[in-house]
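Student: Handing you this structure, nothing more for now.
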Amino acid sequence: MRFHLIGNSHLDPVWLWDWREGLNEGITTCRTILRLMRTFPELTYVRGETSIYRHIQENDPATFAQIRAMIDEGRWDVVGGTLCQPDTNLPATEVLCRQFAQGLDYMRRELGVRPRVAWAADSFGHSYGWPEIYSAAGMEYFAFSRPFEADCPLPSPAFNWEGPGGRKVLSWRIPIGWYGSERGEVARRLDEYRSKAEQWGVENIAVTYGLGNHGGGPTALQIREIMAWRDANPDVTTEFSTFHRFFDALAAENKAYPVVSKELNFTLRGCFSSAFRYKKAYRRTENILLSAERTTSVVSASLDRPAPDLSAAWDSVLFNTFHDILPGSSLERTYEDQHAWLGVAFHDARRHELTSLNALAARCDTRVPAPADDMPCAVPVLLWNPHPHPVSTHVEFEACLEYRPITNYVNRPNALPVEVLNQEGKPVAFQLLTVENQFGSHLPWRKRVLLPVTLPACGFQVFSVGWNEAARPVAAPASLVRAEGDHLISNGSLTVSARPGDTGVGLELDGRPLAGGILRAATFDDPFGSWGNHDGDLAGDDISTVLADWTVAQTKVLECGAFRASLWVMMTAGTSRLELVLHVEEGARQVRAEARLLWNERSARLKLILPDGGASVLYEVPGGDVLRGELGEVPGGRWIRADHAATPFIFASDGLYNFDLKNGSLRATVLRSTRYSRNSSSAATEEPWRPHLDLGEHRFQFAIAAADTDAWALADSLEQPVTAMVTYPHEGTLGRSGSLLALSAGVRLLALKPAYDGEGWILRIQCIAKEVVDVNLTWVGAPLRLGSLTPYEIASWRIACAPSGWSLERVNTAEESKVVEASANPFKKEALSSARA
């Protein structure tokens, strides 16, 4: 047997302290390790997280230089490849790919190494699609600690983890203890490893040690204990090692390690819904950044203009995925800082998106008809589809039709003649909606319209809306949209209904109950701490004790026209209320809900309940999807497919992450009002001076659709919808409609971004089909063949301008940059030999 002693010091940059204290502790910890390395020439150490390296580089360059020297000696092992150790169940697939793209780029440039070992010391479980992400990033090995054996049994500490697409990564779960060690326990830990090692069937065994959480790492006493244990156990080869050296030796054993084809879940399940206010803000920022980056990149490439710098926004999003921030287990004051940081990223993305769309609009033909004498001209509106496939949808936008309220129509605002022209300059049918403001409602000024459109892939169309006394109304096509009283709306296939006193909102599809025929809500007892079952209380894994069923208090039909009907429903329970504005649109197979929740319950949880979810549902998760039955509280992503329900359906949302199946019902947790950074349970009335999370008002959206709906398109309509931008009239060479980029079916565009070295663009996609697909790209008018992708495969290409047109180079996530490939950070045997001598 060979014991590889892996010294490490897990450091949460944010948790029971804020980011300033956390990053500064990184300096203290690394200075301590360097001092110990000078005292103990055999000592080795592993450290990931570029956020810590960069903080040291900027604030203590002398220490950074010493770290570089130890890396060159092979004693300091750079691992992980990411900006931080993110949550591994909740972020979008591209955000996790970007952790590696950005992290590995920094490590090559500033540390001179290219790690091959992924390291998740303390993340709370791992989605099924991670092997696909690791494969795309060129990561060969994966070491982790959670979930422990009790939560996720495995056949061996060493195994090949296989993702849904069949890609594998050689993995090691720490089999004894955790990623670190307490003071004075290293010798006992080694004894336990020795007693159990033979049953694992491997010669090379990783033993992690060192203080951790708030930094720390190996202590002098622990190092001496290891040396003494080595002397007392000469039959076991015991050496200070690194993760790269350990995994290379493990792989060299060339054994048939068991293949594990499942997600590595679940643990600390309360984190799937703690801190909903923060989760919602994160999800919103994540989506605007992904959409804005795609928009700015394709516009920049098409118009031959410099791409904006979104690196600061990406720093914010990536750091805020950290596994004690996004899961909701940090202090109240830390979330004030993290919310503010997200706000900077959100505004940065919006600002650059606006600049790019203005540049696009400046090249389009946005002319409007000449107005009559002393009349305002119509307002041109640029519609932009950020997705690489055509989108057919209903778009709503609002504009001022005059510079002042229009007094000619005082007390009769709906009589104002409004005209909407399409991209061909022809009048089209539309539905007038209630404007957002309540200023001077007796006078028309702004008008809000809804109309059906089909937009080209990553494309634009120019419409206009204006006040035209000569306008001739355009009749809408025959519509099945209708309303009955203030309790029912329908579009012929979907019917939504609710009356005061009802226990929920009725749902029908084609005359059959949809998702059990009713959308209900219930308040559940949830006294558990931030993590849920942190202290081993399994009751926290299945939250099913009902405190109150919600009932309908009021209803109102808000609108009913040719294209959409909307029903407002207010439900109440306890001292809280939930308002839903439910929309059904002409020809649509989905009901979309805009939710506004006023929550005032403590040590409790709110769930939306669909009574018929079937025996199992398919969840979108980072890197792929996974089919689950009744497993208690589980993490989920952008959409869920309930194909085994009596009437199969899809559920999508723009902010919910926590779901469960119970007795056939699909339940979606909205939020839970636990305490900040508390591991133990507490009753609602206990220590009332200590705050609960997420009291107050929240807004979110969700949709329930027929199973024949495209799940990704449904989720995108909520999270990355079509943009409508008011612009100004002028001539333009691009016309009034066009497409800048298009992808063939069966793949999802994860990212379109500038290459880190500034030479060309990086296109990253994932195969979402269940069979091999041949991928074709239309790029700025040029047809390009990308090749074939297998199911769930993630692939990246560099697109660069060449003399003959455009050049394509397939790369992996780690090879975006053209920096010369550095060494793989091997542990140098000659350095070890000289140290022992």
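The values are calculated or read from the model by the stated rules, or taken from the named source; none is laboratory data. Remember, predicted model here, so these are calculated numbers, not experimental data. Positions of Cβ are backbone-derived with ideal geometry, glycine not excepted, and every protein chain shown enters the neighbour counts. Surface accessibility is based on the protein's heavy atoms, side chains included, excluding ligands, DNA and RNA. Shrake-Rupley method; radii C 1.70, N 1.55, O 1.52, S 1.80 Å.
Student: Residues of the chain: accessible area per residue at 1.4 Å, in Å²? Before the final figure, lay out each step's value.
Tutor: Details: 30430 Å² over 837 residues.
Accessible area per residue, the chain: 36 Å².
Student: State the Kirkwood hydrodynamic radius of the stretch 749-797 in Å, one decimal place, computed from all pairs of distinct Cα atoms.
Tutor: Details: mean 1/r = 0.0860 Å⁻¹.
The Cα-based Kirkwood calculation yields 11.6 Å.
Student: Any idea what the relative contact order of the stretch 542-647 is, in percent, if you count C-alpha pairs under 8 Å spaced at least 6 apart? Display every interim value, and only then the final one.
Tutor: On the way: 171 pairs, mean separation 18.4, N = 106.
Reported as a whole number, the value is 17 percent.
Student: What is the distance in Å between the Cα centroid of the stretch 684-702 and that of the stretch 432-466?
Tutor: Spelled out, the Cα-based centre of one part sits 36 Å from the other.
Student: Next up: What would the Debye formula give as log10 I(q)/I(0) at q = 0.16, 0.19 Å⁻¹ for the alpha-carbon point model of the stretch 492-641, no solvent?
Tutor: -1.04, -1.31
Student: Please state the Cα pair-distance histogram of the stretch 274-405 with 5 angstrom bins from zero: what percent is in each bin?
Tutor: Pair shares across the bins are 2, 9, 15, 15, 14, 13, 12, 9, 6, 3, 2, 1, 0.
Student: Regarding the stretch 175-330, what is the average projected area of its C-alpha convex hull, in nm²? Present the calculation step by step, with values, prior to reporting the outcome.
Tutor: Numbers: hull surface 58.3 nm².
For the stretch 175-330, averaging the hull's shadow over all directions gives 14.6 nm².
Student: A further question on this structure: May I ask you to derive the FRET efficiency for Arg305 and Asn408 from their Cβ-Cβ distance with R0 = 51 Å, giving the value to the nearest 0.05?
Tutor: Working: r = 43 Å, r/R0 = 0.85.
It comes out at approximately 0.75.
Student: What percent of all Cα-Cα pairs in the stretch 222-267 falls in each 5 Å bin, counting up from 0?
Tutor: The percentages, shortest bin first, are 5, 15, 14, 14, 19, 13, 12, 7, 1.
Student: I would also like to ask the following. Only Cα pairs under 8 Å and at least 6 apart count here; give the relative contact order of the stretch 488-574 as a rounded whole percent.
Tutor: 28
Student: Does anyone have the angle between helix 50-59 and the longest principal axis of the chain? Alpha-carbon axes, 0 to 90°, nearest 10?
Tutor: Once rounded, the angle reads 80 degrees.
Student: In straight Cα distance, which aspartates and glutamates are under 15 Å from Lys262, not counting same-chain residues fewer than 8 positions off?
Tutor: Result set, ordered by chain and number: Glu132, Glu149, Asp151, Glu162, Glu620, Asp625.
Student: Tally up the carbon and sulfur contribution to the accessible surface of the stretch 364-424 as a whole percent, 1.4 Å probe, everything protein left in place. Don't skip to the end; give the middle numbers.
Tutor: Working: 1410 of 2980 Å².
Reported share for carbon and sulfur atoms: 47 percent.
Student: Something else about it: How much accessible area does Met1 have with a 1.4 Å probe, in Å² rounded to the nearest 10?
Tutor: 70
Student: Shifting gears a bit: How many times 2.2 N^0.38 Å is the alpha carbon radius of gyration of the stretch 335-488?
Tutor: Details: Rg = 18.3 Å, N = 154, 2.2 N^0.38 = 14.9 Å.
Normalised Rg, Cα atoms only: 1.23.
Student: Can you give the angle from 0 to 90° between the axis of helix 243-252 and the longest principal axis of the chain, with both taken from C-alpha atoms, to the nearest 10?
Tutor: Taking Cα atoms only, the helix is inclined about 80 degrees.
Student: Can you figure out the FRET efficiency of Asp191 with Ala251, using R₀ = 25 Å and their beta-carbon distance, to the nearest 0.05?
Tutor: Efficiency at R0 = 25 Å is approximately 0.35.
Student: Over all distinct alpha-carbon pairs, what is the Kirkwood Rh of the stretch 377-434 in angstrom? Mind showing how you got there, number by number?
Tutor: Values: mean 1/r = 0.0713 Å⁻¹.
It is 14.0 Å.
Student: With angles folded into 0 to 90 degrees, how steeply does helix 186-197 sit against the dominant principal axis of the chain? Use alpha carbons for both and round to 10.
Tutor: The answer is roughly 80 degrees.
Student: Size of the chain along its principal axes in angstrom, Cα-based, largest extent first?
Tutor: Principal extents (Cα only, largest first): 97, 68, 48 Å.
Student: Next question. Which of the trypsin sites (Lys or Arg not before Pro) found in the stretch 243-278 are loop residues per DSSP with 16 or fewer other Cβ atoms within 10 Å of their Cβ? List each step's numbers first, then the result.
Tutor: Values: sites: Arg245, Lys255, Lys262, Arg269, Arg277; in loops: Lys255, Lys262.
The qualifying sites are Lys255, Lys262.
Student: Using Cα pairs closer than 8 Å and at least 6 residues apart in sequence, work out the relative contact order for the chain, in percent.
Tutor: Numbers: 2044 pairs, mean separation 125.6, N = 837.
Once normalised by length, the contact order is 15 percent.
Student: Between Trp761, Val775, Leu734, whose Cα lies farthest towards the positive end of the dipole of the stretch 730-784 when Lys and Arg beta carbons carry +1 and Asp and Glu beta carbons carry -1, centred on the Cα centre?
Tutor: The residue sitting farthest along the positive end of the dipole is Val775.
Student: Expressed as a whole percentage, what fraction of the accessible surface of the stretch 767-814 belongs to carbon and sulfur atoms when a 1.4 Å probe is rolled over the protein heavy atoms? Kindly include the intermediate steps, with their values, before the conclusion.
Tutor: Details: 1240 of 2220 Å².
Roughly 56 percent of what the probe reaches on the stretch 767-814 is carbon or sulfur.
Student: Here is a further query. Hey, could you get me the Stokes-Einstein D for the stretch 695-770, Kirkwood radius over alpha-carbon pairs, 10 °C and 1.306 mPa s, rounded to whole µm² s⁻¹? Intermediate results must be reported in sequence, preceding the final value.
Tutor: Values: Rh = 16.8 Å.
Translational D for this selection: 94 µm²/s.
Student: Treat every Asp and Glu Cβ in the chain as -1 and every Lys and Arg Cβ as +1, leave all other atoms uncharged, and give the resulting dipole magnitude about the Cα centre to the nearest 20 debye. If you can, show how the numbers build up before the last one.
Tutor: Details: 83 positive and 100 negative charges, 102 e Å.
Roughly 480 debye for the chain.
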